[in-house]
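Take a look at the structure set out below.
The values are calculated or read from the model by the stated rules, or taken from the named source; none is laboratory data. Worth saying up front: this structure is predicted, and the values here are computed from it rather than measured. Reconstructed Cβ throughout: ideal geometry from the backbone, glycine too, with neighbour counts over all protein chains shown. Ligands, DNA and RNA are excluded from the accessible area calculation, which covers all protein heavy atoms including side chains. Shrake-Rupley method; radii C 1.70, N 1.55, O 1.52, S 1.80 Å.
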Amino acid sequence: MDRGRNTPGLAKTRPPPLVEQREAFVRTSEGRWRDLFARADFISEGAVKHENDEAVWYGTTSVILTYPEPQRAEDRAWLKAIAEKDMHVHVHALRCAHREAQSRAPALLGRTLCELTFYDDPRGLRIDVDVQAPLIERRSATRYGR
């Protein structure tokens, strides 16, 4: 073992930045987005409407992601623009909205259609997810007599 070699010492690790930019390249950290969603505030509402003899769930889930440190208005607008294009953010928001809708719906949700809208909020980033899904109602089992 060569102890005379000049090598860097040990360093404490820090979490990666939420967003990293080099010239025209921008990279986000899925793990940091996941942490933001884990600490997010959720507000959900919804109701069943009957259309063409079919029960359909309509609902909205608002997700507020609080940034780890205070952000200036310009930085919040920049993070919002990045989040609108980041697939990790979309997937996390859709999964949260589906989970919230399923927990409130009176039956299983069928094929779910969602629309995401992003807003700059003084507390962080707000994502509204509108959900529409037919309900899958279980048919009661019929018993046949002899």
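Averaged over its residues, region 49-146 has an accessible area of 68 Å² per residue, based on protein heavy atoms and a 1.4 Å probe.
Surface composition of the chain: carbon plus sulfur atoms contribute 49% of the solvent-accessible area (1.4 Å probe, protein chains only, all chains present). For the chain, the relative contact order comes to 24 percent (Cα pairs under 8 Å, sequence separation of at least 6). Give me log10 I(q)/I(0) at q = 0.10, 0.11, 0.12 Å⁻¹ for region 1-130, Debye formula, one equal scatterer per alpha-carbon, no solvent. Reported log10 I(q)/I(0), two decimals: -0.44, -0.51, -0.57. Residues whose amide H comes within less than 5 Å of that of Y67, counting only those at least five positions distant or on another chain, are L125 (H built at 1.01 Å from N in the peptide plane). Net charge of the neighbourhood of V131, taken over other residues with C-beta under 11 Å away and scored Lys/Arg +1, Asp/Glu -1, is -3.
Database remark: amide H of L109 closer than 5 angstrom to the amide H of I136 (H placed geometrically; neighbours at sequence offset of 5 or more, or on other chains; Pro and chain starts carry no H).
Expressed as a fraction of 2.2 N^0.38 Å, the value expected for a compact globular protein of N residues, the C-alpha radius of gyration of region 1-67 is 2.18.
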